[in-house]
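Engineer: The structure under discussion is supplied below as structure tokens; questions concerning it will follow.
Any read-out appearing in this document is the output of simple, stated calculations on the displayed coordinates, not a laboratory observation. Fair warning: this is a prediction, and the values are worked out from it, not measured in the lab. Here the Cβ positions follow ideal geometry from the backbone for every residue, glycine too, while neighbour counts run over all protein chains shown.
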Amino acid sequence: MDVQRSFQIHFDKVPSSKLQSFLRTYAFHNKEVGYCQGMNYIVGYLYLTFEDEEVTYIAFDYIMNNYFSQYFENEFEMLKKVFYQYERLLFLFLPNLYHHFKKQKVDASYYLTAWVITVFSQVYQFTLQSALLNIVWDIFIIQQWKGFYKCVLFLLYFYQKELLQLEFDQILHFLSEIIKNELFSLKTELQVQEYICTKLKIPSKPLKGIITNQFNVTNSLLQQLEQEFNCFSTNLESQLKQFKYK
């Protein structure tokens with residue numbers, strides 16, 4: 001298990017032995033899923049949040065079974081759908097950035113996977129506190145994957161000017177290092193709110209509202225994009241079969 005390096009700076013609060021215990025217990029009771037990379041960050045974040053073993057395990061089990069099981073099964077096959085939905089959302093809501101990424105040949109799979117399978121909780125590798133991470137998780141728990149997409153889009157919107165000036169290698173480096181930025185290390189929601197509103201030059205107001213209202217990502221839109229993906233996958237599979245037997 002890749003838990004030894006997960007929360008080194010939080011070792012006094014969440015030692016690797018405790019993470020291993022949570023993950024082994026979950027894997028034992030959910031053999032069809034087992035342990036997958038990314039779970040260590042999620043359970044570690046939950047334990048740092050609740051500071052109670054029983055509550056942490058109940059929350060982790062619920063989140064895995066209701067939010068993540070389809071993504072961790074079948075060797076992350078469902079991530080292909082996530083990449084498709086995300087890139088279509090990027091095209092719809094941030095078209096300039098979408099086309100810039102395409103021009104630079106930056107594929108979503110190069111940077112999105114870690115964000116998806118941990119919901120940014122790997123931030124705690126690098127900081128003792130992160131108000132923004134708590135905000136992202138609040139939105140994710142309430143709005144599920146719709147909320148997650150809103151958070152990702154907002155993060156890219158916030159850094160869009162910088163990203164549009166970068167080329168392939170620089171973009172990948174920037175996105176891989178984004179969780180180390182000052183924005184993720186601010187300790188209070190008010191600090192994050194002021195930081196974001198100042199940079200965007202907008203009136204200061206509750207941050208969750210800013211993030212969730214910036215982009216109109218709806219469940220019906222995600223369902224439509226899922227249908228598109230399924231149709232695309234079916235057609236591609238059919239074409240490959242025809243090519244194989246020619």
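Engineer: Taking the Cα centroid of the range 9-69 and of the range 78-114, what is the distance between the two, rounded to the nearest whole Å?
Structural biologist: About 29 Å separates the Cα centre of the range 9-69 from the one of the range 78-114.
Engineer: With a/c under 1.5 counting as rounded, go ahead and sort the range 43-155 into rounded, prolate or oblate using the C-alpha gyration tensor (a ≥ b ≥ c being the square roots of the eigenvalues; past the cut-off, prolate if a/b is larger than b/c, else oblate). Walk me through the numbers before you get to the answer.
Structural biologist: Details: a/c = 2.21, a/b = 1.67, b/c = 1.32.
In terms of gyration-tensor shape, prolate.
Engineer: Local charge sum around Val217 (other residues, Cβ-Cβ under 12 Å, Lys/Arg +1, Asp/Glu -1)? Before the final figure, lay out each step's value.
Structural biologist: Details: positive: Arg88, Lys146, Lys150; negative: none.
Net of charged neighbours comes to +3.
Engineer: Further question on the same structure: Using the beta-carbon distance between Leu92 and Phe50 and R0 = 41 Å, what value does 1/(1 + (r/R0)^6) give for FRET efficiency, to the nearest 0.05?
Structural biologist: On the way: r = 36 Å, r/R0 = 0.89.
E(calc), rounded to 0.05, equals 0.65.
Engineer: Just report the Cα centroid separation between the range 184-225 and the range 130-165, whole Å.
Structural biologist: 7
Engineer: State which helices in the chain qualify, where a helix is a whole DSSP H run, it must extend 18 Å or more along its own axis by its Cα atoms, and its mean Kyte-Doolittle hydropathy must be at least 1.0.
Structural biologist: On the way: long enough: 16-29 (20 Å, -0.32); 79-93 (21 Å, 0.39); 131-158 (22 Å, 1.22); 219-244 (37 Å, -0.75).
TM-like helix candidates: 131-158.
Engineer: Could I ask something else about it? Normalised by the number of residues in the chain, what is the relative contact order in percent for Cα pairs under 8 Å and 6+ residues apart?
Structural biologist: Values: 217 pairs, mean separation 47.4, N = 246.
Worked out over the chain, it gives 19 percent.
Engineer: Still on this structure, I have one more. Full extension from Gln129 to Asn230: what is 0.36 nm times the residue separation minus their Cα-Cα distance, to one decimal in nm? Numbers along the way, then the final one.
Structural biologist: Working: separation 101, 0.36 × 101 = 36.36 nm, distance 3.98 nm.
Extending this stretch completely gives an extra 32.4 nm.
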